[in-house]
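Enquirer: Sending over a structure as C-alpha cells; questions will come in a sec.
The values are calculated or read from the model by the stated rules, or taken from the named source; none is laboratory data. Remember, predicted model here, so these are calculated numbers, not experimental data. Virtual Cβ from ideal backbone geometry, glycine too; neighbours counted across all protein chains shown. Note: areas computed on protein heavy atoms with side chains; ligands, DNA, RNA excluded. Shrake-Rupley method; radii C 1.70, N 1.55, O 1.52, S 1.80 Å.
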Amino acid sequence: MRLVLLGPPGCGKGTQAKRLQGIFGIVQLSTGDMLRAEAASGSDIGLEAAALMHAGQLVPDAMIIALIKARVDQPDCQKGFILDGFPRTLAQAEALDAMLAERHLDIDGVLAIEVDDEDIVTRIAGRFSCSRCGALYHDVFHRPKQDGLCDVCGATEFTRRPDDTAETVRKRLQAYHAQTVPIIEYYGRKGLVRSVDGFGAIAEITEKLTVAIREGTRVD
Ligand code: AP5
C-alpha cells in the first residue's frame, strides 16, 4: 500500500505516520527527516537544504525528487510506504506519478490532516523529539510517560528543531497554502483524497485515519 499524508506544518503528519507504519506494516518516508539527516552529515546538499529550511522555504524540487527516487527502490519499501511531507508542489506530485508509473505502481490513497493555522503555532512551539530515536513529544499534549526519559528507547537527550520559531512557522504556513494546497485539489480530481480533522487526541486521529485508509483505499 502506498499512501500520501498531507497537511500543514505541525498538523501531526510525523506523529501519525509513525503510528500508521506499525498498523499497516509500511514504512514512513519523511522528506523533512531525510533533509535533516543530510544537514547533520554536513554534505553540500545538506547545507543548502538547511539554509532553506531555517528560512521556512521549500528546498528545490529536483533535490527532493532525487532523494525519494533513491529511497522507494530500497527493500523496506517493497510492502509499501507512507509519504510524510512529500509531495509538496505540483511538480513533485507529477514527478511522483511518473516515478510510480515507471514501476507499474500507483498511489492508493491521500490523507489530508486539517488543523487551523492558529493551532499550528501552539503545536510547533511545544514540539521536541528524542535525540536518539526521533520519537515526537509535546510540552503539553504529549509528554513522555516519565519526565526526561524517551518512552520508545529510554534515551535521556531531547532536541528542538531550529526551524520551529514563530517567524519560520509563519513562512512555512505561507509556503503550505501557496504551494501544497493545490496538490490536494490535484489528488481530489483523481478521487484519492480523504480529509481528516486533526484536532483531538493523537490516538483518536490515528483511529480516524485508519478507518479512512481501510474504507477509502485498497489494503494489500
Ligand atoms: P517537515 O519536517 O516535513 O516539516 P513540516 O511539514 O513543516 O511538518 P512538521 O514536521 O513541522 O510537522 P508534522 O505535521 O510532522 O507534525 P508533528 O507530528 O511533528 O519539513 C521541514 C522543512 O523541510 C520544510 O519547511 C522544507 O524546507 C523542507 N522540506 C521537507 N519536505 C520537502 C519537500 N517535499 N519539498 C520541499 N521542501 C521540503 O506534530 C507537531 C507537534 O504537535 C508535536 O510536538 C506533536 O507531539 C504534537 N501533536 C501531534 N498531534 C497532535 C494532536 N492531535 N494534538 C496535540 N498535539 C499534537
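Enquirer: Within the stretch 134-182, track down each residue that is more than 10 Å from the ligand (Cβ to nearest atom) and assigned to a helix (DSSP H, G or I).
Expert: Hits for the stretch 134-182 are Ala166, Glu167, Arg170, Gln174, His177, Ala178, Val181, Pro182.
Enquirer: List the pairs whose first member sits in the stretch 188-203 and is in contact (Cβ under 8 Å) with a residue 60 or more places away in the chain, whose second member is within 16 Å of the ligand (Cβ to nearest atom) and basic (Lys, Arg), and whose Cβ atoms are under 7 Å apart, counting only residues at least 6 apart or on separate chains?
Expert: Val196/Lys208
Enquirer: Looking only at the stretch 1-30, which residues are near the ligand (Cβ under 7 Å from one of its atoms), open to solvent by less than 10 Å² (accessible area, probe 1.4 Å) and assigned to a helix (DSSP H, G or I)?
Expert: Gln16
Enquirer: Got a number for residues in the stretch 104-145 being without any contact (Cβ under 8 Å) to a residue 24 or more places away in the chain and of a type in the set (S, T, N, Q)?
Expert: 1
Enquirer: Any residue at all in the stretch 137-159 that is under 25 Å from Val59 (Cβ atoms) and crowded, with 18+ Cβ neighbours inside 10 Å?
Expert: Residues of the stretch 137-159 that are under 25 Å from Val59 (Cβ atoms), as a first pass: 159.
With the extra rule that they be crowded, with 18+ Cβ neighbours inside 10 Å, the set shrinks to none.
No: the stretch 137-159 contains no residue that is under 25 Å from Val59 (Cβ atoms) and crowded, with 18+ Cβ neighbours inside 10 Å.
Enquirer: Can you tell me which residue is farthest from the chain's Cα centre (by Cα) among those in the stretch 139-158 that are modelled with pLDDT of 95 or more and either within 16 Å of Lys13 (Cβ to Cβ) or polar (S, T, N, Q) (or both)?
Expert: Ranking the candidates gives Gln146 first.
Enquirer: In the stretch 34-73, which residues are farther than 23 Å from Leu90 by Cβ and within 8 Å of the ligand (Cβ to nearest atom)?
Expert: The answer is Arg36, and nothing else.
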